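The values are calculated or read from the model by the stated rules, or taken from the named source; none is laboratory data. Note that the structure is a prediction, hence the values are computed from the model and not measured. Positions of Cβ are backbone-derived with ideal geometry, glycine not excepted, and every protein chain shown enters the neighbour counts. Heavy atoms of the whole protein, side chains included, go into the accessibility calculation; ligands, DNA and RNA do not. Shrake-Rupley method; radii C 1.70, N 1.55, O 1.52, S 1.80 Å.
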Amino acid sequence: MLFRSGYTYVPPGNYRDRSTISDRQMLGLILYNRNALLTARRDFFSAVGPAVDAYALLKDSESINRLAVSLNNAASMYGISGNTQKGIEFLKRSIEIYGNNKIGKKLKSNLSKLYNNYVVGLINGKEYDDAFSALRTKDAEMYLHRD
């Protein structure tokens, strides 16, 4: 005879709001915890995997937010490490995958900032021809706001 006990989730600091959760939700919690641990360690690239898995499994508001934050963190790390173009390409690809939902919207703002930083970096490096070329691209039209 097989017995199954199920899982009970207890929110931090609020034992009275405990609730029974499914196997999927339990796996989601494990993935969220893994994502949080890697993010706290500033291992932003590794944190993307659990966020992708949690989103694929649950597609709830928390998984949407965690995936958007994880993708933006990874792209920003490319920029911080001096490889802004790679961060831009990373976010562009992420938007291709998730662009038609709430995640894509959360990525577009960061992409705009990265593209701006890329152009400013070229100008600061006195690479004026490259900066001018970057400003005349379709990417510039899409990602740079002209107020």
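Over the chain, average the accessible area per residue using a 1.4 Å probe and give it in Å², no decimals.
67
What number comes out for the charge environment of residue 68, summing +1 per Lys or Arg and -1 per Asp or Glu over other residues with Cβ under 10 Å away?
Around residue 68, the surrounding residues sum to +4.
Report the extension gain between residue 93 and residue 25 in nm, rounded to one decimal, defined as 0.36 nm multiplied by the number of residues separating them, less their alpha carbon distance.
Net length gain for the segment: 21.7 nm.
Sum up the charges of everything whose Cβ sits under 15 Å from the Cβ of residue 55, counting Lys and Arg as +1 and Asp and Glu as -1, but leave residue 55 out.
Net of charged neighbours comes to +4.
Near residue 34, within a Cβ-to-Cβ distance under 13 Å, what is the net charge of the other residues, with Lys and Arg +1 and Asp and Glu -1?
Every neighbour counted, the sum reads 0.
Using 7 Å Cα-to-Cβ label points, what is the residue 142/residue 85 separation (nm, one decimal)?
1.7
Run the quick spin-label model on residue 57 and residue 18: label points 7 Å from Cα toward the beta carbon, then report their separation in nm to one decimal.
2.1
I'm spelling it out carefully: the read-out is Cα extents along the principal axes in Å, the candidates are [x] 64, 35, 23; [y] 74, 30, 29; [z] 57, 37, 23, and one was derived from this structure. Which label?
[y]
Provide the gained length on full extension for the span residue 9 to residue 127, in nm with one decimal, where the gain is 0.36 nm per separating residue minus the Cα-Cα distance.
Full-extension gain reported as 37.0 nm.
Could you pull out every one of the lysines with an alpha carbon less than 17 Å from that of residue 92, ignoring same-chain neighbours closer than 8 positions?
102, 105, 106, 108, 113, 138
If you roll a 1.4 angstrom probe over the protein chains with everything in place, what fraction of the accessible area of the stretch 4-147 belongs to carbon and sulfur, to the nearest %?
Answer for the stretch 4-147 is 50 percent, counting heavy atoms of protein chains only.
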